[in-house]
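What follows is one structure encoded as structure tokens, with my remarks underneath.
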Amino acid sequence: MRVSDEDRERSARRLQQAFTEGRLTQLELEDRLELALTARTYGDLAGLIEDLPADTPPAEDVVNLESKNGHIKRSGDWSVPRRLGVESKYGSVELDLSEAVIPHEVVEIHLDLKYGSAKIVLPEGGAADVNRFRPGYGSVTCDVSGRARPGSVYVVVSGESKYGGLTIRYPRKRWFTH
């Protein structure tokens, strides 16, 4: 599958971060950046970053959102933590990651829903794993890829919903915008 400019840039940022941490030499960085910026497929990008370790999240990278009766909504230009816990008793949850700042490739979202549903909107090219989410009397609708792709966000959803469902999709196309 072919990569986008954004995929190439995301991989390049990760390589530059590894260089600043001392994980790559100047020569390795230059060689890998050249390959990353000219990559055509996800296979080309995969080998460039797979030997770099995943960071453990610092304490501020774990955020918990709670609501008893209200609606939890995050959209637009917001910073997505590495781990996000959401607890809602009677309200619904809407997490729109399509325009968000996501500095890491894997985002873990734990949902604890009683009587509400959740909707997660991923950026184009993003993927999700919903195998750890258990719906009670609801359903799970996942209209996005389930395979992680290098340079794209991968969301791992866990938790449960007693009487609500979970929907994961890409942003809707807008037909009448200028």
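Quick note: the coordinates plus some simple rules give every number you see, no bench work behind them. Owing to the predicted nature of the structure, the values given are computational and were not obtained by experimental measurement. A quick note on method: Cβ atoms are made from the backbone with ideal geometry, for glycine too, and the neighbour counts reach across all protein chains shown.
Taking amide H positions as modeled 1.01 Å from N, with prolines and chain starts lacking one, the residues under 5 Å from Gly138 and 5 or more places away or on another chain are Gly164. Secondary-structure-derived ellipticity at 222 nm for the chain, considering helices only, amounts to -6500 deg cm²/dmol, per-run term -39500 (n - 2.57) for DSSP H runs with n ≥ 4. Think of the chain as having a plus end and a minus end, set by charges on the Cβ of Lys, Arg, Asp and Glu; of Val62, Val153, Leu122, Leu122 sits farthest toward the positive end of this dipole.
Structure remark: mean-square fluctuation, Gaussian network model of the chain, C-alpha springs under 10 Å; the largest value among Val80, Val155, Val62 belongs to Val62. As a length-normalised measure over Cα pairs under 8 Å and 6 or more apart, the relative contact order of the range 59-169 settles at 26 percent. Note that the range 86-93 has calculated 3J(HN,Hα) couplings of 10, 10, 9, 7, 10, x, 9, 10 Hz, one per residue in order, obtained from phi through the Karplus relation 6.51 cos²θ - 1.76 cosθ + 1.60 (θ = phi - 60°); glycine and proline are x. Taking 0.36 nm per residue of sequence separation and subtracting the Cα-Cα distance, how much length would be gained by fully extending the chain between Arg174 and Trp78, in nm to one decimal? Full-extension gain reported as 32.4 nm. Phi angles across the range 110-126 convert, under the Karplus curve 6.51 cos²θ - 1.76 cosθ + 1.60 with θ = phi - 60°, into 3J(HN,Hα) values of 10, 10, 10, 10, 9, 10, x, 10, 10, 10, 10, 10, 9, x, 3, x, x Hz, Gly and Pro given as x. Please work out how much length the chain gains when fully extended from Thr167 to His71, using 0.36 nm per residue of separation minus the C-alpha to C-alpha distance, in nm with one decimal. Contour length minus the Cα-Cα distance gives 33.0 nm. For Ser145, the residues whose amide H sits under 5 Å from its own are Ala128, ignoring neighbours fewer than 5 places away on the same chain, with H placed 1.01 Å from N. Shape analysis of the range 1-96 yields a ratio of the Cα radius of gyration to the Kirkwood radius, Rg/Rh, of 1.13. Rounded to the nearest whole Hz, the Karplus-based 3J(HN,Hα) values (6.51 cos²θ - 1.76 cosθ + 1.60, θ = phi - 60°) of the range 29-43 follow the sequence 4, 4, 5, 5, 4, 4, 5, 5, 6, 10, 5, 10, 10, 5, x, with x at glycine and proline. The simple Förster model, with R0 at 45 Å and r as the Cβ-Cβ distance, assigns Arg23 and Lys114 a FRET efficiency of 0.55. Each other residue within a Cβ distance under 10 Å of Pro123 adds +1 if Lys or Arg and -1 if Asp or Glu, for a net charge of -4.
For Arg132, put the label point 7 Å out on the Cα→Cβ axis and report which residues of the range 67-90 keep their amide N under 20 Å from it. Under 20 Å, as judged by backbone N against the label point of Arg132, lie 80-88 of the range 67-90.
With R₀ set to 22 Å, the beta-carbon distance separating Arg40 from Glu9 gives a calculated FRET efficiency near 0.90. For Tyr170, the residues whose modelled amide H falls within less than 5 Å of its own, excluding neighbours fewer than 5 places apart on the same chain, are Leu122. With a simple spin-label model that places each label point 7 Å from the Cα along the Cα-to-Cβ direction, the separation between Lys89 and Val101 comes to 3.4 nm. Straightening the chain between Val62 and Gln16 buys 14.1 nm, computed as 0.36 nm per residue apart minus the Cα-Cα spacing. Note on the chain: lysine pairs with Cα distance below 24 Å, sequence gap of 8 or more or different chains, count 15.
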